[in-house]
Amino acid sequence: MSEIYEERQRERYKRNVVKMAGSSLSQIDETAVSPVDISYFIGRLESIFVGLEDKENNAKIGMYCAMAPEEFVYALGFTPLKLCGNHPTATLAGEDHAPRDSCPVVKASVGFQSMNIIPMFDNLKAVIIPGSCDGKKKAAEILSQYVPIIPIPIYMSKDDDGFELLVETYYGLIATLEHITGRKMTASRLKKACVEISRASKEAYKLYEYLKSDKAVISGTQVMSVMSSYAYDDPGRWATEVKKLNKALAKVQPNSSKRKRKKPRIIIAGSPIGFPHFKIPYLLETLGAQIVTDESCLAGRLLYDPVLPDNYSLDGMVRALAARYVAPCTCPTFIEMEDRFCRLEQEKDITNADGIIYHVLRGCIPYDFELLYIEKWAEKHGIPVLRVETDFSTEDYEPLKIRLEAFIEMLERR
């Protein structure tokens, strides 16, 4: 009887995953501002979450944080997958294993593994989990029931001592990956991986430049979907496809005209936003706002910094990777806030933003703690901030719509 119940529950989960993902993909089309083709990236998400397919031929190693160094995985011949969950059905399944009031990303990540319905999440050689927050540290314990886990500590200070400890940790991670995969890390392999992922970073940076333009030819929801697809793709292949997209945008932009009625320009900051949890960007754009950039670690921050080694020795690249993933990182789990303020000020000036939507996932304590400092910073710089607390469900859709509409109208009157 128990087996029959579990199978029926699994089938319900599967139907809900497919339905929600399909609905989100339809909304992405609705936000389009020009006829640019992003079908490759939509197709990637559709095949995984609607078709429930796994077209990735390479062996895979997963990771549950943007601070996990994917170059190490790529250098050993594996596809690095960023598996942080953002699906309400997976969150519901995760509540059987994690506390109800814990972070939705943690619950959804655990839920996807326990549901066993997304082939892309199966047959992983291992999963890397940086201890970037308490939720991920506890999730590592739960996830170890389903897949081999490699936990790595993240030091909460960016001082010299913390940096050297991280370099040592990265060498330990290399040794562990070599043991698990049976493959040897070499300087030439790591260099190739660094160059390839830096190519992806370069193309992502260009894509965001089109989003910030006064004559935007791609929507924020579309850009965030392109970035979400990176989490489940081969980095080199993804970079090639984004390069094609950027060339298409370069042809479309000169023929577009400035809008007669200026849309309020908005920065999205705060807790992660990833597919299919796009209700905030979708609502903002359908209500008449223009998203000019986002600060999400599952989108805008995912490929923000390229790898810049002083030299291409193994030690030079390991240190450069430590610098890439931690030194400029604006995650609020770090003690230092200066980088966060610097990045926001830089984006505010570059984009001429009119306001900031500060997104807080219920149970995401680090971002919620940070809000007070962000509000003081915003007041000093004369830019309005709206705190939006939500989760992955659609139950708060209408109240959220009302609040966002009021914020947009306030920006239009300024």
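The values are calculated or read from the model by the stated rules, or taken from the named source; none is laboratory data. These numbers were taken from a predicted model, which means no experiment stands behind them. So basically every Cβ, Gly included, is an ideal-geometry build from the backbone, and we count neighbours across all protein chains shown.
Would a scan of the stretch 372-381 turn up a residue that is under 17 Å from residue 351 (Cβ atoms) and touching an Asp or Glu at 6+ places or on another chain (Cβ under 6 Å)?
no
Is one or more of the residues making up the stretch 19-30 of a type in the set (Val, Ile, Thr) and part of a helix (DSSP H, G or I)?
Among the residues of the stretch 19-30, at least one is of a type in the set (Val, Ile, Thr) and part of a helix (DSSP H, G or I), which makes the answer yes.
Those residues that are polar (S, T, N, Q) and without any contact (Cβ under 8 Å) to a residue 24 or more places away in the chain, I need them from the stretch 56-105; list them, please.
57, the sole residue that qualifies.
Within the stretch 115-171, can you find the residues that are among the hydrophobic types (A, V, I, L, M, F, W, C) and out of contact with any Leu (no Cβ under 8 Å at 6 or more places or on another chain)?
Within the stretch 115-171, the subset among the hydrophobic types (A, V, I, L, M, F, W, C) is 115, 117-118, 120-121, 124, 126-129, 133, 139-140, 142-143, 147, 149-150, 152, 154, 156, 163, 165-167.
Listed by number, the residues that qualify are 115, 133, 139, 140, 142, 143, 156, 163, 165, 166, 167.
Within the stretch 53-70, does at least one residue satisfy the condition of being among the basic types (Lys, Arg) and not in a helix (DSSP H, G or I)?
Yes, that holds for at least one residue.
Can you run down the residue pairs with Cβ atoms below 6 Å, 6 or more apart or on separate chains, where the first is in the stretch 381-395 and over 19 Å from residue 409 (Cβ atoms) and the partner is part of a strand (DSSP E or B)?
Filtered contacts from the stretch 381-395: 389/360.
Within the stretch 131-140, is there a residue that is under 19 Å from residue 232 (Cα atoms), in contact (Cβ under 8 Å) with a residue 60 or more places away in the chain and not small (Gly, Ala, Ser)?
Taking every residue of the stretch 131-140 in turn, none turns out to be under 19 Å from residue 232 (Cα atoms), in contact (Cβ under 8 Å) with a residue 60 or more places away in the chain and not small (Gly, Ala, Ser).
Could you give me the residue pairs with C-beta distances under 7 Å whose first residue belongs to the stretch 141-162 and is in a helix (DSSP H, G or I), whose second residue is modelled with pLDDT of 85 or more wherever it lies, and which are 6+ apart or on separate chains?
142/97; 142/98; 142/110; 143/110; 143/113; 143/127; 143/149; 162/155
Only one of (1) part of a helix (DSSP H, G or I); (2) of a type in the set (Ser, Thr, Tyr); (3) over 22 Å from the mean Cα position of the chain (by Cα); (4) closer than 30 Å to residue 251 by Cβ fails for residue 13. Which number is that?
(4)
Please verify whether the stretch 210-220 includes one or more residues that are free of Cβ contacts under 8 Å to residues at least 60 places away in the same chain, of a type in the set (D, E, K, R) and either crowded, with 20+ Cβ neighbours inside 10 Å or in a helix (DSSP H, G or I) (or both).
no
Those residues that are within 18 Å of residue 18 (Cβ to Cβ) and crowded, with 22+ Cβ neighbours inside 10 Å, I need them from the stretch 121-136; list them, please.
Selection gives 121 alone.
Restricting the first residue to the stretch 290-313 and requiring it to be over 11 Å from residue 208 (Cβ atoms), which pairs with a second residue that is part of a strand (DSSP E or B) meet a Cβ separation below 6 Å and a spacing of at least six or different chains?
290/265; 295/269
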